[in-house]
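First the structure, in the form of structure tokens, and then the observations on it.
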Amino acid sequence: MKIKTAVALGLVSLTISGCGTLNTVLREDVAATRELRKQKTYCASIPRVYSGVAFDFCLLHAAPDPTGVLIPVVLADIAVSGALDTVVLPYTLYRQVEYGNIVVYR
């Protein structure tokens, strides 16, 4: 039973961790902007460099979450996204120079 619980917690943490980075680096820009619009963020664009952290801050800069579940998850994700964003920094620097910011609202 303890092994199943540990595996389940591991899978949940892997799913949650780096969510901002996964949304902005590994997916198309449209998917990231769709997610931010769905959360009704007030951000107009986010930079590609450290985009996972920026994505998470945009989630915090959105209409209030009535359930209150989003804030602790996003705060935990900021640290993990920061680490993952550092790993992919050379790639995101290139993408920032080549394509500019990810535009959420025009």
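Every number here is computed from the coordinates shown, using simple stated rules; none is lab data. Here the structure is a predicted model, which means the values were calculated and not measured. As a convention, Cβ positions derive from the backbone with ideal geometry for all residues, glycine included, and neighbour counts pool all protein chains shown.
Estimated purely from DSSP H runs of n ≥ 4, each contributing -39500 (n - 2.57), the mean residue ellipticity at 222 nm for the chain is -19000 deg cm²/dmol once divided by its residues.
Look at GLU35, GLU98 and count the other Cβ atoms within 10 Å of each Cβ; fewest to most, that gives GLU98, GLU35.
A cut-off under 11 angstrom between Cβ atoms defines the neighbours of ARG34, and their net charge, with Lys, Arg +1 and Asp, Glu -1, is 0. Compactness of the chain was expressed as the Cα radius of gyration divided by 2.2 N^0.38 Å, which yields 1.13.
When cysteine pairs in the chain are screened for C-beta atoms closer than 4.7 angstrom, the residues that find no partner are CYS19.
Taking the Cα centre of the chain as reference, the dipole from Cβ charges on Lys and Arg (+1) and Asp and Glu (-1) amounts to some 240 debye.
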